[in-house]
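The values are calculated or read from the model by the stated rules, or taken from the named source; none is laboratory data. From a predicted model like this one, the values you see are computed outputs, not experimental measurements. Cβ sites come from the backbone with ideal geometry, for glycine too, and all protein chains shown count toward neighbours.
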Amino acid sequence: MSHTVAPPFFLHRLRYRAFVVALLSAACSAEQPLVPILPGAVTGSQLAATAFTATVDLQRRAVVIAPPVTGGALSPTALLAGNDAPMLSLLGGDVVRLIASNVRFSALGAFAPHKVRVTFDVTIENRLPSLALTVPTWPEPPVQAVIIFPFDYSVTSAQGGVRGTDGNSIDVALPSVGRVTPSSDWNGTGAAGSGAPYNFFAESSCGTSSSRTCFRWVAYGTRLEPTGPRESRTVGYDVDASVQQFRTRILVAADLVPATTIMP
């Protein structure tokens, strides 16, 4: 069994400092985001490496969002390439934190037959004191805004039904025990019809349903400053009654530019 070893913390710090210097130097001429190096063929596993994981427990009525375990081979903030340009506009846990709050569970069948709708608010916290988040270069967004979207989702179960923190609990994916579907609470900008499945990684249209490259989404502001107010958006999932817990991986798409006001 192979294991991915995360780069030492000091290496991440050095890369981050080089990245900040590059961005601030660019700001001297014009306040424009550094254009990420566009990928050729990007695999699902590479994208998943930059995803935040939200664990939704219907029994405990709780949602916890964890950052990516590692930066991944194509992390925008863990690796620099070319002229100090970020690899992608998909941000990891060294740049932002996603916070879940206001978790709500509907009555069975309230929105769809034999399903429970789970909704919760997702707040983006900018962790960089001198950089702001802005409209992503890649993937091309459906609107000019910072975007999050659910990359995938699966039903999970704990060994013996016990989940501890001592390393003895093993979560196993069980896709046959129920179904999870992003709800219309992923409503884009909030305008009528906004948030419908959008093809983030190809040019073809999506129709009305999600696919391997089509995902529902929500938009935040066009610019999220480190000193500005945190923005929250409501997202949701329709879940079969048999599901007790599921996990969904969420991607954050944004470019980085020098902040207007640097956090002290």
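To keep it simple, each residue is scored yes or no on (1) at pLDDT below 90; (2) touching a strand residue (DSSP E or B) at 6+ places or on another chain (Cβ under 8 Å); (3) outside any strand (DSSP E or B); (4) more than 28 Å from ALA259 (Cβ to Cβ).
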position	(1), (2), (3), (4)
VAL64	no, yes, no, yes
GLY93	yes, yes, yes, no
ALA110	no, yes, yes, yes
ILE148	no, yes, no, no
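Please go through (1) more than 18 Å from the chain's Cα centre (by Cα); (2) at pLDDT below 95; (3) among the small types (Gly, Ala, Ser) for SER194 and return the number of the only condition it doesn't satisfy.
With (1) more than 18 Å from the chain's Cα centre (by Cα); (2) at pLDDT below 95; (3) among the small types (Gly, Ala, Ser) applied to SER194, the lone miss is (2).
State which residue is surrounded by the fewest Cβ atoms within 10 Å (Cβ to Cβ) when the search covers only region 229-259 and only residues that are over 24 Å from PRO142 (Cα atoms) and out of contact with any Asp or Glu (no Cβ under 6 Å at 6 or more places or on another chain).
The selected residue is SER242.
Report, by residue number, each residue of region 112-127 that is closer than 19 Å to ILE65 by Cβ and either part of a strand (DSSP E or B) or acidic (Asp, Glu) (or both).
ARG117, VAL118, THR119, PHE120, ASP121, VAL122, THR123, ILE124, GLU125, ASN126
Considering only region 205-221, state which residues are more than 26 Å from ARG179 (Cα to Cα) and at pLDDT below 95.
Within region 205-221, just GLY221 meets the criteria.
Which condition number in (1) in contact with an Asp or Glu (Cβ under 6 Å, 6 or more places away or on another chain); (2) at pLDDT 95 or above; (3) small (Gly, Ala, Ser) is the one that GLY188 fails?
Among (1) in contact with an Asp or Glu (Cβ under 6 Å, 6 or more places away or on another chain); (2) at pLDDT 95 or above; (3) small (Gly, Ala, Ser), the lone unmet condition for GLY188 is (1).
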